[in-house]
Amino acid sequence: MRIIVLIKEVPDTYGERHLNLQTGLVERASAERVLDEICERTVEAALVIAEANPDTHIIVVSMGPATATDAIRKALAMGADEAVHVVDDALAGADVMVTAQVLAAVVRRREADLVMTGNASTDSSAGVMGALLAELLGLPQATFLSSIASDGTTVRGTRATDTGIATVEADLPAVVSITEALPDPRFPGLKGIMAAKKKPVETLTASDLGVDTAGVEAAYAINISVAARPARTGGTTVHDEGDAGAQLAEFLIANQLA
């Protein structure tokens, strides 16, 4: 079985993140860049499936700048077998639709049996990549899974709903996305870190994949306006002189909170 795991380099959520007020894009150089935590969990889920299915080959795929090699190497150190890195300045600022087209082209090129992604990245939180890929590839999808398993022929898992837990299953090939409910990722050991340096990483451009980048700047999603977050201000202090309840009620009403 061949599994493709989609991974992404993102600004560290433990640091301060900023938007470019002209473009509306994340200022990625303003914070430390790391492998997204949900991507680590996805790699872990793929490794668990591989342990249950001998001869499984795991390929991590990332579309991002040259700095994303660090995130890719971490996924390889965890146990993935090889990687594909799509690097192209023409793709800078690409929205989810353009990104999905690029990633779908990689999947077609590598003929994966199972495509795995996180439910949403921490930088954009779009939460639609799994569904977009399934549509573009014409494959069944099982998204937002809180558990996952595969026997090499089908993939199955559970999904939390408003009314309970749903069990879903699909024949392979298929696309799945997982949530933070899955187990924490394993920590790469020294042996894995050293082995990652020798694992193959294929570097591709949009042109290599036959993807037209002419419309990236216009894209499918357009930022209408961007504004800086308002500075923090002091709150309202209520001095209780027997009428604190009335003051609180007036405050809530004035701010349309009640």
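Just to confirm a number: summing +1 for Lys and Arg and -1 for Asp and Glu over residues other than H57 whose beta-carbon lies under 15 angstrom from that of H57, what do you get?
Values: positive: R2, R109, R110, K199; negative: E51, D55, D81, E82, E111, D113, E202.
Its environment carries a net charge of -3.
Taken along the Cα-to-beta-carbon direction at a fixed 7 Å, the label points for D95 and D184 span 3.8 nm.
Here F251 sits with roughly 80 square angstrom of accessible surface, probe radius 1.4 Å.
As a fraction of the 1.4 Å probe accessible area of the range 133-258, surface on carbon and sulfur atoms comes out at 54 percent. Each residue was assigned an accessible area with a 1.4 Å probe, and for I253 the value is about 110 Å².
Take L139: with every protein chain present and a 1.4 Å probe, its accessible area is about 40 Å². To the nearest ten degrees, helix 69-78 and the longest principal axis of the Cα atoms of the chain are 70 degrees apart. Computed from Cα atoms alone, the Kirkwood hydrodynamic radius reported for the range 124-258 is 21.5 Å. In the chain, the inverse of the mean reciprocal separation of distinct Cα atoms equals 20.2 Å; this is its Kirkwood hydrodynamic radius.
Counting only other residues whose beta carbon sits under 14 Å from that of Q247, what net charge do I get with K and R as +1, D and E as -1?
Charge balance near Q247 sits at -4.
Net charge of the neighbourhood of V107, taken over other residues with C-beta under 12 Å away and scored Lys/Arg +1, Asp/Glu -1, is +2. Here the gap between I253 and S125, fully extended at 0.36 nm per residue and compared with their Cα-Cα distance, gives a gain of 42.8 nm.
Where both residues lie in the chain, what percent of DSSP beta bridges are antiparallel, nearest 5?
Once the DSSP bridges in the chain are tallied, antiparallel ones form about 40 percent.
Taking trypsin sites (Lys or Arg not before Pro) across the range 107-212, the ones in a DSSP loop with at most 16 further Cβ atoms lying within 10 angstrom of their Cβ are R186, K197, K198.
When both the range 81-137 and the range 151-215 are represented by their alpha-carbon centers, they are found 10 Å apart. For the range 137-186, the convex hull spanned by the alpha carbon atoms encloses 92 Å³ per residue. When the Cα positions of Q101, S146, M129 are compared along the charge dipole of the range 88-173, S146 comes out farthest toward the positive end, with charges on each C-beta of Lys, Arg, Asp and Glu. When only the Cβ of Lys, Arg, Asp and Glu is charged (+1, +1, -1, -1), the dipole of the range 48-106 relative to its Cα centre reaches about 100 debye.
Mean sequence separation of contacting Cα pairs (under 8 Å, at least six apart), scaled by the length of the chain, corresponds to a relative contact order of 23 percent.
Using only Cα atoms and rounding to the nearest 10 degrees, what angle (0 to 90) does helix 37-52 make with the longest principal axis of the chain? For helix 37-52, the angle is close to 30 degrees.
Shown are D123, D162, whose ranking by accessible area with a 1.4 Å probe and every protein chain present, most to least, is D162, D123. In terms of packing, defined here as the mean over residues of other Cβ atoms within 10 angstrom, the peptides 207-214, 93-100 line up highest first as 93-100, 207-214. Only helices enter this figure: runs of n ≥ 4 DSSP H residues, each worth -39500 (n - 2.57), summed and divided by the residues of the chain, yield -8000 deg cm²/dmol at 222 nm to the nearest 500.
Across the range 35-161, counting alpha-carbon atoms alone, Rg and Dmax equal 14.1, 40 Å.
Sorting I38, I148 on solvent-accessible area from highest to lowest, probe radius 1.4 Å, gives I148, I38.
The values are calculated or read from the model by the stated rules, or taken from the named source; none is laboratory data. Quantities reported herein were computed from a predicted structural model and do not represent experimental measurements. Cβ coordinates were reconstructed from backbone atoms using ideal geometry, including for glycine residues, and neighbour counts include every protein chain displayed. For the accessible areas, the whole protein counts, side chains as well, though only heavy atoms, and no ligand, DNA or RNA atoms are used. Shrake-Rupley method; radii C 1.70, N 1.55, O 1.52, S 1.80 Å.
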